[in-house]
Amino acid sequence: YGCAICACEKGYQWRQCLDYLDEMTEVGIEKNVIIFGAAMSCMEKSCRADIAFQLMDRMRMEGVHPNVHIYNSAISACARCNLWEKGYQLFREMDNVGLSRDVVTYNAVLDAVSSQVELARSLFQEGVERGF
């Protein structure tokens with residue numbers, strides 16, 4: 001299923017991706033953070049941030065904890081869909097759930113908040129101070 005979901009990302013087939021996730025549930029295959037990560041990337045590339053947020057909730061319901069890569073995909077989806085507030089919220093949420101940000105996180109949030117010049121400058125400076 002993982003390869004099929006990755007193929008969905010390449011072809012922007014977000015509906016098929018969701019079908020594969022549902023099929024995995026139907027046949028009793030447990031999903032892990034890698035499967036969800038591939039699905040999140042598909043939603044990001046397909047500009048379906050709304051579904052990316054739902055997938056994060058679904059992960060938690062299924063006992064899979066979102067990692068930094070999941071958050072990075074969600075923040076990048078926000079950037080693609082012009083949802084700067086939500087992207088910034090996810091960025092800040094990472095502190096609350098105990099996840100360390102990486103250079104990809106800072107690049108994603110800067111992309112998401114690029115229309116907010118002062119915030120972007122502040123986040124850029126924060127990233128520089130943290131060595132990114």
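How much accessible area per residue does the chain have, in Å², with a 1.4 Å probe?
Values: 7130 Å² over 132 residues.
Value for the chain: 54 Å² per residue.
Ignoring everything except DSSP H segments at least 4 long, calculate the 222 nm mean residue ellipticity for the chain; use -39,500 (n - 2.57) per segment, divide by total residues, nearest 500.
Details: 8 runs with 97 residues, N = 132.
Rounded to the nearest 500, the figure is -23000 deg cm²/dmol.
Between the alpha-carbon centers of the stretch 1-45 and the stretch 82-132, tell me the distance in whole angstrom.
For the stretch 1-45 versus the stretch 82-132, the Cα centre distance is 26 Å.
What angle do you read, to the nearest 10 degrees and between 0 and 90, between the alpha-carbon axis of helix 33-45 and the longest principal axis of the chain?
Between the helix axis and the principal axis of the chain, the angle is about 70 degrees.
Using only Cα atoms and rounding to the nearest 10 degrees, what angle (0 to 90) does helix 49-61 make with the longest principal axis of the chain?
Approximately 70 degrees, to the nearest 10.
Near residue 108, within a Cβ-to-Cβ distance under 11 Å, what is the net charge of the other residues, with Lys and Arg +1 and Asp and Glu -1?
Working: positive: 80, 101; negative: 44, 102, 111.
Once all neighbours under 11 Å are counted, the net charge is -1.
To test your reading of the geometry: what angle, between 0 and 90 degrees and rounded to tens, separates the Cα axis of helix 68-80 from the longest principal axis of the chain?
Once rounded, the angle reads 80 degrees.
Measure off, as a whole percent, the carbon and sulfur share of the 1.4 Å-probe accessible area of the chain, all protein chains present. Before the final figure, lay out the partial values.
Values: 3620 of 7130 Å².
Roughly 51 percent of what the probe reaches on the chain is carbon or sulfur.
Can you give the net charge of the other residues whose Cβ lies under 13 Å from the Cβ of residue 18, counting K and R as +1 and D and E as -1? Kindly include the intermediate steps, with their values, before the conclusion.
Numbers: positive: 15, 31, 48, 58; negative: 9, 19, 22, 23, 26, 50.
Cβ neighbours under 13 Å give a net charge of -2.
The values are calculated or read from the model by the stated rules, or taken from the named source; none is laboratory data. Predicted model, so just to flag it, every value in this text is computed and none were measured. Backbone-built Cβ (ideal geometry, glycine too); neighbour counts: all protein chains shown. All accessible areas refer to the heavy atoms of the entire protein, side chains included, with ligands and DNA or RNA removed. Shrake-Rupley method; radii C 1.70, N 1.55, O 1.52, S 1.80 Å.
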